[in-house]
Amino acid sequence: MQNMMNKQIIRSIKKSLSSLDFTNLDERCSNEAQTRFNLIEPLLEILGYSRIDDMATEINAGWGKKNDKADIGLILRGNKPEVIIECKKFGKNLTDKEASQLSNYFVNTEHSKIGILTNGLEWLIYAPNQSKRESKLYELPFMSLDFSEIDETLIENFAKLHKNSIDLKELVEEAQEFFFLENFSDALCAELADPSDNFIKALYTRMGGNRLTTRIENKLRDMVNARAIQEVLPQVMGRESENGSIVITTAEELKIYHSIKTILIAAIKNLDANRISYRDLKEASTSFWTLVIEI
């Protein structure tokens, strides 16, 4: 049932976006107020939020003598805003400065769960870093939407914010998972640079060993180095290519591509060589590449 509702929401969003006027934005959104009225609030309406009932404005987000106001607060349930939105003029770069401003507003609005920074076309969605006591927002967004290029992925992510389907707990969990997985490369590098006992034991077991001695353990630890990683990498890539995880373009395929490119440049007058490229694809068990010419 939930899946059916999500599909209906996605279809509704797609239809509404196709009719939304994205033309002459420089003229129609020359300041923050116009950007809010002509672009940000219409997009929120597509998400099912009413300007009258669901969008609180100029929310008190200051402390002490400050009188800071958050631009928009979305009311999902009850009467307290749970999504804080900081609006900027169309075309303004969204920098760390603006993100910090949003984070400060977030901390000082009691019921807020996520924060959004937007200039109308670009929407950056932030979640609280729950590992910190003050629950400030992460410095980086966990989801970014750019309406200058609307595609299926953007619509599906945008639909996660729809009033009838938004799940704040799920979004925060998605953000926590996103930032946790961001540490993968550093963790892998650290493990390979200084292998843990468990890693050495796992290697020993895969090698068919029965009793790990200190001498063998030290030899295995010494063998885990940059040279060994470099030697085994082609094997790993080969396995992934076989099961479809990655696609590898062979030297022979590149030779054929460059030959075809040369023929095309000679045959077609004024053809820019930089507009010719290839795309390597894999479908089912077959690997193939497609020639791409930008017109």
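The values are calculated or read from the model by the stated rules, or taken from the named source; none is laboratory data. Keep in mind it's a predicted model, so treat the numbers as computed, not measured. With ideal geometry, Cβ positions are generated from the backbone for all residues, glycine too; neighbour counts draw on all protein chains shown.
In the range 108-152, which residue that is of a type in the set (Val, Ile, Thr) and in a loop (DSSP other than H, G, I, E, B) is nearest to the chain's Cα centre (by Cα)?
Among those residues, the one meeting the criterion is ILE150.
I'm checking my understanding of the structure. Among residues of the range 172-211 that are among the charged types (D, E, K, R) and not in a helix (DSSP H, G or I), which one is farthest from VAL224 (Cα to Cα)?
Step by step, filter the range 172-211, then rank; the result is GLU182.
Conditions first: (1) at positive phi; (2) at pLDDT 90 or above. ARG28 passes all but one, so which condition is the exception?
(1)
Identify the residue in the range 175-221 that is acidic (Asp, Glu) and either surrounded by 10 or more Cβ atoms within 10 Å (Cβ to Cβ) or at positive phi (or both) and, among all such residues, is farthest from the chain's Cα centre (by Cα).
Looking at the filtered set, the residue picked out is GLU217.
Do we have any residue at all in the range 127-145 that's at pLDDT 95 or above, more than 14 Å from ALA175 (Cβ to Cβ) and touching a Phe, Trp or Tyr at 6+ places or on another chain (Cβ under 7 Å)?
Taking every residue of the range 127-145 in turn, at least one turns out to be at pLDDT 95 or above, more than 14 Å from ALA175 (Cβ to Cβ) and touching a Phe, Trp or Tyr at 6+ places or on another chain (Cβ under 7 Å).
Residues ASP146, ASP167: which one is loosely packed, with under 13 Cβ neighbours inside 10 Å, in the same structural domain as LEU20 (by TED's automatic domain parsing), touching a strand residue (DSSP E or B) at 6+ places or on another chain (Cβ under 7 Å) and under 24 Å from GLU45 (Cβ atoms)?
ASP146
Being among the hydrophobic types (A, V, I, L, M, F, W, C), closer than 30 Å to ARG11 by Cα, touching a Ser or Thr at 6+ places or on another chain (Cβ under 8 Å) and modelled with pLDDT of 90 or more, is that true of even one residue in the range 67-75?
Scanning the range 67-75, I find at least one residue that is among the hydrophobic types (A, V, I, L, M, F, W, C), closer than 30 Å to ARG11 by Cα, touching a Ser or Thr at 6+ places or on another chain (Cβ under 8 Å) and modelled with pLDDT of 90 or more, so the answer is yes.
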